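Structure first, then comments.
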Amino acid sequence: MYNKETVIRLNTLDDVQEFVGAASKCDFDIDLKYRQILIDAKSLLGVIGIGINNDFKVCYMGDDQVFDNVVDKFTVA
């Protein structure tokens with residue numbers, strides 16, 4: 001279903017805002033998975049609601065260089 005899946009960590013509210021802002025500019029669906037929860041990565045309240053300082057799997061099928069750079073920035077090594 002997805003062609004890109006990466007584990008990221010958002011440590012601050014600023015990180016969340018940067019990530020959601022970049023996701024919101026994309027014309028394809030982006031999902032965040034945390035345990036059994038699946039949320040829309042373009043939802044600021046949804047991302048904040050599942051908390052920061054957690055590892056999420058970001059899943060998407062599309063190409064956007066700016067978004068890919070933001071994902072790379074928050075990728076867990």
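List of remarks:
- Along the axis of the charge dipole computed for the chain (Cβ charges of +1 for Lys and Arg, -1 for Asp and Glu, origin at the Cα centre), the listed residues 43, 28, 62 are led at the positive end by 43.
- For the chain, a Gaussian network of Cα nodes joined below 10 Å ranks 28, 19, 56 by mean-square fluctuation, and the top entry is 28.
- Projected-area average for the chain over all orientations - Cα convex hull basis, square nanometres: 4.5 nm²
- Sparsely packed trypsin sites (Lys or Arg not before Pro) within the range 9-45, loop by DSSP, other Cβ within 10 Å at most 13: 25, 35
- Charging the Cβ of each Asp and Glu at -1 and of each Lys and Arg at +1, and nothing else, the dipole of the chain about its Cα centre rounds to 280 debye.
- Rolling a 1.4 Å probe across the protein heavy atoms gives the chain an accessible surface of 60 Å² per residue.
The values are calculated or read from the model by the stated rules, or taken from the named source; none is laboratory data. Remember, predicted model here, so these are calculated numbers, not experimental data. All Cβ positions, even for glycine, are placed from backbone atoms using ideal geometry, and neighbour counts span all protein chains on display. The area values use the complete protein model at the heavy-atom level, side chains included, leaving out ligands, DNA and RNA. Shrake-Rupley method; radii C 1.70, N 1.55, O 1.52, S 1.80 Å.
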